[in-house]
Every structure is written in structure tokens, then in C-alpha cells.
Amino acid sequence: MIEQRNSFIQDLLITEKLDALLIFGLPNIRYLTGFTGTDGVLLIRSSESVFLTDSRYLAQAQKQTSVEHIHCYKNKLQALADELGEAGSHRVGFDADIVSVSQFEALAKLTGHIDWCPLSAQLQTLRGVKSAEELVALKSAANLNYQAFAAVLPLIQPGVTEREIALELEFALKRLGGEANAFDFIVASGTRGALPHGVATEKKLFAGELLTIDFGTRVDGYHSDETVTLAIGKVDRKLRQIFDIVLEAHDSALAAIQPDMAICDLDAVARDFINSKGYGDDFGHSLGHGVGLEVHEYPAISSRSEQKLLEGMVITVEPGIYIPGLGGVRIEDTVVVTTGGFEALTKIPKQFKQINI
Ligand code: ZN
Ligand code: ZN
């Protein structure tokens with residue numbers, strides 16, 4: 001198993017007094033072992049680890065992981081029960097945010113007397129701080145966003161549909177080496193901009209509208225996530241005004257980033273500013289989220305967070321204002337927290353940009 005990542009798990013075995021820990025979540029399995037397949041479960045003890053997978057992935061697991069024992073199963077839960085039974089495990093932890101109630105009940109029935117320890121917050125921080133190697137992949141993914149956006153920008157004109165823009169971005173990202181879309185791209189124009197998650201439709205762009213594009217890709221398993229809002233020709237004063245407010249909220253939040261600050265205080269920088277301009281009710285979502293092997297992961301950048309920002313965390317800053325019947329603006333960058341503040345991974349310029357039509 002990957003060495004310093006394993007030490008986090010070994011500490012968890014001690015603090016939670018566990019004989020064994022089961023990891024069902026694929027991103028955590030990938031993080032701990034390097035396995036990129038889509039079925040398997042990792043059983044970790046203080047002395048050794050066992051990776052169980054089905055026959056489709058046996059050769060891949062042997063190639064990708066350095067786990068001591070790799071076993072093939074026909075029935076995952078039965079194989080796990082057998083492993084736990086043979087080792088006489090008494091207290092066993094598992095990733096409670098991943099395992100379904102029915103899966104857990106089936107496993108508990110097969111294993112008999114085990115003191116189960118559901119783990120949630122204890123495991124959440126595992127992937128929070130990124131290594132130099134992870135940053136390389138995150139930067140590459142962000143760089144593909146930059147290049148793909150530059151390739152697609154000339155196509156953004158009145159008459160083009162939102163879906164065409166989403167498709168062209170997808171082609172460009174994949175041609176440049178992106179593995180998969182990070183999520184369903186949001187391409188929302190005109191009044192549809194008021195939908196924070198308005199996925200691309202057949203709607204055509206019109207002069208005078210704002211257009212919000214939220215997109216990302218994946219490189220070596222790591223994601224990019226970035227949002228730009230553009231003006232299609234000249235837009236009215238009110239739209240320009242909300243753009244300027246969101247941009248200032250975004251820039252002030254970035255400027256406030258410091259290691260060891262309370263995450264809720266970072267959310268407050270953007271939120272308080274938008275509130276002070278009278279649009280507090282139109283900014284309904286959190287300021288951002290962690291980005292890594294999952295596009296949305298720990299830490300949530302939210303007013304409810306009780307965590308601190310740490311150097312090496314990769315997070316988004318994405319304030320927005322959404323006004324039904326009028327439109328919306330969101331501006332998003334993905335950044336890494338550094339000693340002195342932050343370094344932006346996403347590079348598309350975010351200042352007001354009016355497309356010449
Ligand atoms: Zn996004
Ligand atoms: Zn995001």
C-alpha cells in the first residue's frame with residue numbers, strides 16, 4: 001500500500017481500536033492502493049492488507065497495487081465474511097458514507113459476532129491535503145480546461161445552442177487528453193442562468209444574454225472544475241452589476257485564503273459581501289468544495305464547516321447570484337492553498353468579457 005497514506009490508516013486502527021478496517025469506496029481504494037477498476041474491497045489490518053476483487057480485475061489489481069494479498073471472489077460479502085472469520089476479527093471499521101444499509105445488514109448477518117464501527121468524519125480527511133504528485137495531475141486537468149476553452153471560444157455566438165457548446169468542449173477536452181467529463185457540463189444562457197445547475201439544452205444563445213459555462217475533465221483520475229460567465233454582446237446594466245458583485249466576491253475570497261483559517265470564515269468573505277449588496281438571498285449554495293479523485297470531495301467550503309483550511313488542500317471558490325426571470329452569474333476557480341495564500345490551478349481569465357457579435 002502507498003506508504004504515508006497507509007500511516008493515516010494505521011493511526012485510525014489504533015485510535016478507533018480496530019482489528020480491521022474495510023474500505024468499499026473506490027476513490028479511497030484508488031488513493032490507498034493505485035487500483036483503478038470499478039469493483040473491489042480493501043481489508044486493512046495492522047499486520048497486512050488484503051484486496052478482494054472479482055475475476056475481471058484480478059490481473060489489473062496484481063499489476064497496479066502492491067497490497068500483500070490479492071484474492072478473487074465470486075461473492076464479495078461472503079469472501080469478506082470468510083476473511084474476517086479466519087482472522088478472528090472482533091472490532092471492524094467501515095466507510096459508513098459508502099456502504100448501504102442493505103449491504104451492511106447482509107454482511108453483518110454473514111459474520112456473526114463483530115463489533116461494527118461505522119466511520120465517517122474519521123475517514124473524510126484522508127485525501128484532504130494533496131501530494132506534489134496529485135497536484136501535477138490536478139494542474140494538467142486544469143490546463144486542459146484552459147486549452148479547450150480557447151478552442152471553443154470562437155464558436156460562442158448568437159444562434160449557437162447550449163448543447164453545441166457543451167459538445168464542442170467535450171470533444172476539445174478529450175482530444176487534448178482528458179479521460180472523461182468531470183460532470184454534466186452546465187451551459188446556461190439568458191434566464192436559464194438563474195439555474196445554478198442548468199445543464200446544456202437546445203436553447204440558442206441571443207445577443208444581450210449572459211452565458212455561464214461550468215465544466216471540467218479528468219487526468220490520471222484527478223478533476224478540473226471551473227466556471228466562466230460571458231456576455232453575448234452588450235448586456236443591460238443590472239446583469240453587468242451582478243457580474244461585478246460576483247467577481248468582487250470571488251476575488252476577495254481568493255485574497256483571504258490562508259492556511260489554518262476557519263473554512264466558515266472563507267465562505268463568509270464572499271457571502272457577507274454579496275449580502276451587503278442586497279443579493280444574499282440569491283446566493284443559495286456554499287462557496288466551494290474540495291477537488292481531487294472526486295470532483296466534489298472534502299472539504300466543503302461552507303458556512304457550516306467546523307474545519308480549518310490546510311496548506312496543500314485543493315478547493316474551489318465559486319460564488320454566484322441567481323435571479324429567476326433575469327439570469328445568473330457564477331465565477332469559479334480551483335486553487336491550492338499555499339503557505340502565502342493560494343495558487344490558482346484554473347487559468348481562464350475571469351474578468352468581464354463581452355463577446356463581439
Ligand atoms: Zn464547477
Ligand atoms: Zn465546483
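Read-outs: derived from the displayed coordinates by stated rules, not from any lab. The model shown is predicted, which means the values in this text are computed figures rather than measured ones. Glycine gets a Cβ as well: all are built from the backbone with ideal geometry, and neighbour counts include every protein chain shown.
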Compute the separation of the alpha-carbon centres of the range 306-357 and the range 64-139 and state it in Å as a whole number.
-> 34
Within the chain, what percent of beta bridges assigned by DSSP are antiparallel, to the nearest 5?
-> 70
With springs only between Cα atoms under 10 Å apart, run a GNM on the chain and tell me which of Leu22, Leu247, Leu110 wobbles the most.
-> Leu110
A correct Karplus calculation of ³J(HN,Hα) over the range 348-357, with 6.51 cos²θ - 1.76 cosθ + 1.60, θ = phi - 60°, whole Hz and x for Gly and Pro, returns 5, x, 10, 5, 4, 10, 9, 6, 6, 10
Cβ charges +1 (Lys, Arg) and -1 (Asp, Glu), total dipole of the chain, debye | 900
Could you put Met261, Met313 in order, starting from the residue whose Cβ has the fewest other Cβ atoms within 10 Å?
-> Met261, Met313
Distance-filtered residues of the range 82-97 - backbone nitrogen under 20 Å, label point 7 angstrom along Ser47 Cα→Cβ = 82-93
Along the charge dipole of the chain, which of Leu77, Leu52, Leu135 sits closest to the positive end, that is, farthest toward it, with unit charges on the beta carbon of Lys, Arg, Asp and Glu (+1, +1, -1, -1)?
-> Leu135
Could you give the length gained on full extension between Trp116 and Ala207, defined as 0.36 nm per residue of separation minus the Cα-Cα distance, in nm?
-> 26.8 nm
For His289, His71, His90, His113, order by how many other beta-carbon atoms lie within 10 Å, fewest first | His113, His90, His71, His289
Expected vector for the range 150-159, Karplus 3J(HN,Hα) from phi with 6.51, -1.76, 1.60 and θ = phi - 60°, integer Hz, x for Gly and Pro, equals 4, 5, 8, 3, x, 7, 7, 8, x, x
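Per the helix-only calculation at 222 nm, which mean residue ellipticity applies to the chain, given -39500 (n - 2.57) for every DSSP H run of n ≥ 4 and division by its residues, nearest 500 deg cm²/dmol? Don't skip to the end; give the middle numbers.
On the way: 10 runs with 124 residues, N = 357.
Computed ellipticity for the chain at 222 nm equals -11000 deg cm²/dmol.
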Which of the listed residues, Ala268, Gly284, Pro158, is farthest toward the dipole's positive end in the chain, when Lys, Arg count +1 and Asp, Glu count -1 at the beta-carbon?
-> Pro158
Among Lys347, Lys238, Lys308, determine the one that fluctuates most according to a GNM of the chain built with springs between C-alpha atoms less than 10 Å apart.
-> Lys238
For Arg237 and Thr339 in one chain, what is 0.36 nm times their gap in residues minus the Cα-Cα distance, to one decimal in nm?
-> 32.8 nm
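Below 8 Å between Cα atoms, with a sequence gap of 6+, how large is the relative contact order for the range 184-289 in percent?
Once normalised by length, the contact order is 17 percent.
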quick shape note, the chain: Cα extents on principal axes in Å, largest first -> 71, 39, 36
Residues other than Glu86 with Cβ under 13 Å of its Cβ, Lys/Arg counted +1 and Asp/Glu -1, net out at -3
Label-to-label distance, nm, for residues given as Ala150 and Arg175 (7 Å Cα→Cβ offset) | 1.4
Under a Gaussian network model of the chain whose springs join Cα atoms within less than 10 Å, the largest fluctuation of Leu230, Leu12, Leu293 belongs to Leu12
If the label point is 7 Å along Cα→Cβ of Thr15, which residues in the range 306-336 have backbone nitrogen under 16 Å from it?
-> 306-310
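Listing Thr191, Thr201, Thr316 from the residue with the fewest other Cβ atoms within 10 Å to the one with the most, what is the order? Kindly include the intermediate steps, with their values, before the conclusion.
Numbers: Thr191 17, Thr201 14, Thr316 23.
So the residues, fewest neighbours to most, are Thr201, Thr191, Thr316.
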Relative to the longest principal axis of the C-alpha atoms of the chain, give the angle of the C-alpha long axis of helix 162-175, reported between 0 and 90° and rounded to the nearest 10°.
-> 50
Relative contact order %, the chain, counting alpha carbon pairs below 8 Å whose residues are six or more apart | 15
